[in-house]
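Colleague: Take this structure, written in structure tokens, and hold onto it; I'll ask about it next.
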Amino acid sequence: MIESLLVANRGEIARRIIRTARRLGIRAIAVYSEADADLPFVAEADEAVLVGPPNPAQSYRNVEAILAAAKSTGAQAIHPGYGFLSENAEFARTVESSGLIWVGPGADAITAMGDKINARNLMAAAGVPVAPGTTDPAADLDAAVAAAAGIGYPVMVKAAAGGGGMGMGVAADEAALRTEYDKVRAFAERMFGDGSVLIERYFPRVRHVEVQILGLADGRVIALGERECSVQRRNQKLVEESPSPAVSPELRERFLAAAVRAGEAVGYRNAGTVECLLDPATNEFFFLEMNTRLQVEHPVTEYVYGVDLVEEQLRVASGLAPTFDPDALVPRGHAIEMRINAEDPKRFLPGPGVIRTWVEPTGEGVRVDSGYTEGNTVTPFYDSLMAKLIISGATRDEVIERAKVAVAAFQIEGPKNNVPFFAELLDNEEFLSGAYDTGIVSRMR
């Protein structure tokens, strides 16, 4: 097993990784920016290194500073968490060429899945269902208009190098496409340094379902069930649950088999997620993208399958077998995760500030993965995620009842927060029925 681990991230995910590392007797090393010096993950690490000012480009995305921190502390491995450098293939290559262990998939797999058009084509070749769309980037507006005419409106206009719900627009007709194409292309060039655009069929009523995969050290790829991620705002997730209330045993079998084929197609190792769109009217699903990293919502899978996914990541990176029998995986119960963000619960606009009160709920089946505590400051430099409230139980109904109690008990004063939104959601008939889709939040507003 790896003996020392540098966590190239911050907040709740850094704290989460450090917790498992220390349980396993691994020396945990944190890196932090000047803005995060007082956060819990810094204090909880065995060693912490300041890597720069608040600007992520000068700290958490500063490859030179992170590698220098690894060298100065004698770190054996680097875990990137999610976001920042986690899906940067060049960083993964640099880590490994520096003689360090990269806790994640190989750089070639990251590269293959990082371009949405290339990923679509690879998946189609592997027999994974893909939505009707372009097989090459729409080189210009005329090409985009021609592609949309062949696909049929409405269409989704997507940045080929995008991710995390960013760089997407919907066009109901040619006039809207002309506007969205220019908008997405400009955004993609600014954010990703790549203006390539994909045109894909848009499904107005759809569910977002993903499958957790794990590429083992012996070369096998396995699937650890699905997660429902349809409660979203601006194409970004707010709530995830496992198993999905929309997925029957027969559909689950198809989902998991497709996800395994997707991983095998790129020789996948370590943890990853195959994201799909599910048409609830037909039970057809289509490949959306593969996230080549640990997901924010991994705890719901941990509860249902009784595993620690960070530990399994570390074991794969160390060349070790998993802690469980891959041929005897049995899901049990249900789990729901709610993302506690520093944002207005109505319009979902960021609301950073000093945390004057922070009281986490407790009780059976309640877990809080937090990045902050009372007295900390939520700054505007990073994502608004403050914590994840994860509830587990024997059934979905039991989980929802526990979630209502936990949400009512979660006290946060200072920054704006979306806890009131979850109280509203947990009383929403559409959500309670389980028959919801990605439009549920807009219908609530």
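We did not get these values from a lab; they are worked out from the coordinates using the rules stated. Here the structure is a predicted model, which means the values were calculated and not measured. For neighbour counting, all protein chains shown are included, and Cβ atoms are generated from backbone atoms with ideal geometry for every residue, glycine included.
Colleague: Can you list the HN-Hα couplings for the stretch 28-36, worked out from phi with the Karplus curve (6.51, -1.76, 1.60; θ = phi - 60°), rounded to whole Hz and with x for Gly and Pro?
Modeller: 9, 10, 9, 10, 8, 8, 4, 5, 9
Colleague: Looking at GLY439, ALA124, SER244, which one has the Cα that reaches farthest to the positive end of the dipole of the chain (charges on Cβ: Lys, Arg +1; Asp, Glu -1)?
Modeller: So the residue we want is GLY439.
Colleague: Separate question: Using each residue's phi in the stretch 438-445, evaluate 6.51 cos²θ - 1.76 cosθ + 1.60 at θ = phi - 60° and report the 3J(HN,Hα) Karplus result to the nearest Hz, with x for Gly and Pro.
Modeller: Working through the residues one at a time gives 5, x, 4, 5, 5, 6, 6, 9 Hz.
Colleague: Using only DSSP helix segments of four residues or longer, with each worth -39500 (n - 2.57), what per-residue ellipticity at 222 nm results for the chain after dividing by its residue count and rounding to 500?
Modeller: About -10000 deg cm²/dmol.
Colleague: Residue by residue through the stretch 318-333, which ³J(HN,Hα) values in whole Hz follow from phi under the Karplus form 6.51 cos²θ - 1.76 cosθ + 1.60 (θ = phi - 60°), with glycine and proline marked x?
Modeller: 8, x, 9, 6, x, 7, 10, 8, x, 8, 10, 6, 10, x, 9, x
Colleague: Considering only DSSP states other than H, G, I, E and B, which trypsin sites (Lys or Arg not before Pro) in the stretch 319-361 qualify as loop sites with at most 14 other Cβ atoms within 10 Å?
Modeller: In loop regions of the stretch 319-361 (DSSP not H, G, I, E or B), the sparsely surrounded trypsin sites (Lys or Arg not before Pro) are ARG332, LYS346, ARG347, ARG356.
Colleague: Oh, and also: What does the C-alpha gyration tensor say about the overall shape of the stretch 127-206? Classify as rounded when a/c is under 1.5, otherwise prolate if a/b is larger than b/c, or oblate.
Modeller: Rounded, since a/c falls under 1.5.
Colleague: Follow-up question, since we're still on this one. For the charge dipole of the chain, defined by +1 on Lys and Arg C-beta atoms and -1 on Asp and Glu C-beta atoms about the Cα centroid, which residue among ILE78, VAL51, ALA262 has the Cα displaced farthest towards the positive pole?
Modeller: So the residue we want is VAL51.
Colleague: Provide MET191, MET168, MET338, MET290 in ascending order of the number of other Cβ atoms located within 10 Å of each residue's Cβ, fewest first.
Modeller: Final ranking by Cβ density, sparse to dense: MET191, MET168, MET338, MET290.
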